[in-house]
Amino acid sequence: MYEGVVQDLIDELGHLPNIGPKSAQRIAFHLLQADPADVRRLAEVLIRAKEQVRFCAVCFNVAEQQECKICRDPRRDPSSLCVVEESKDVVAVEKTREFRGRYHVLGGAISPIDGVGPDDLRVKELLKRLADGVITEVILATDPNLEGEATATYLARLIKPLGLRVTRLASGLPVGGDLEYADEVTLGRAFEGRRQLDV
């Protein structure tokens, strides 16, 4: 235990996701040893980000304007909608350069253990977007874990009756992985998604 502001800094850093006590302590001491100008710049960027960044009025991705740059882009395909859990997932999909449609950010996944239900996500907003008749395909790109699967199943049941094409990202074994280390769900998904080899 440290005294005063040093312990306050460690405690605040420890509130960040995936930062344990040791990591918080390391980051705190890094900041204390850093050049004051670098720390001031970091503090200013944090304050500016908190003041200027908001959520897009259409898809709920992070944005600095009323709509994010993807929603403002007229070249994007308005008939294809990719549903993701968080804004960071939008970045991951965009890096593939495979998807040219639009997004809907749920703001999390269904997780009864954490007290997160469908009403805590942007499901109503999603259904409202689907009602306009422009979207023909909904790609459910939630994480391939229990919460993501539960969320995808829930959404698929809601969307299917609307007559839209509902797809799920394929998942399976990573390149370079070993079968013996794959869990049953991943291996099962790999079998479901197998494809014919044309040689």
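Sequence-distant contacts, meaning Cα pairs under 8 Å at least 6 residues apart, place the relative contact order of the chain at 12 percent. Using the Stokes-Einstein relation with a Kirkwood hydrodynamic radius computed over Cα pairs, the translational diffusion coefficient of the stretch 55-168 at 4 °C and a viscosity of 1.567 mPa s comes to 91 µm²/s.
Taking 0.36 nm per residue of separation and subtracting the current Cα-Cα distance, fully stretching the chain between Phe99 and Val45 would add 16.4 nm. For the chain, a Gaussian network of Cα nodes joined below 10 Å ranks Ala92, Ala28, Ala109 by mean-square fluctuation, and the top entry is Ala28.
Can you tell me which of Thr151, Thr186, Thr136 moves the most in a GNM of the chain? Springs connect C-alpha atoms under 10 Å apart. Comparing Thr151, Thr186, Thr136 in the GNM, the peak value goes to Thr186.
Radius of gyration over Kirkwood radius for the chain, both on Cα atoms: the Rg/Rh ratio is 1.05.
Computed over the chain with a Gaussian network model linking Cα atoms closer than 10 Å, the most mobile of Glu149, Glu94, Glu64 is Glu94. Amide H contacts under 5 Å for Val116: Ser111, restricted to partners 5 or more places along the chain or on a different chain, H placed in the peptide plane at 1.01 Å from N. At q = 0.16, 0.28, 0.34 Å⁻¹ the log10 of I(q)/I(0) for the stretch 21-63 amounts to -0.61, -0.90, -1.04, computed by Debye summation with a single uniform scatterer per C-alpha, solvent ignored. Ellipsoid fit via the Cα gyration tensor, the stretch 126-165: semi-axes of 20, 9, 8 Å, each the root of five times an eigenvalue, largest first.
In the chain, the longest principal axis of the Cα atoms and the axis of helix 87-96 are about 60 degrees apart. Seen against the Cα atoms of the chain and their longest principal axis, helix 146-159 is set at about 40 degrees.
Each reported figure results from applying straightforward, stated rules to the coordinates on display, with no laboratory input. Nothing here was measured: the structure is a model prediction, and the numbers come from that model.
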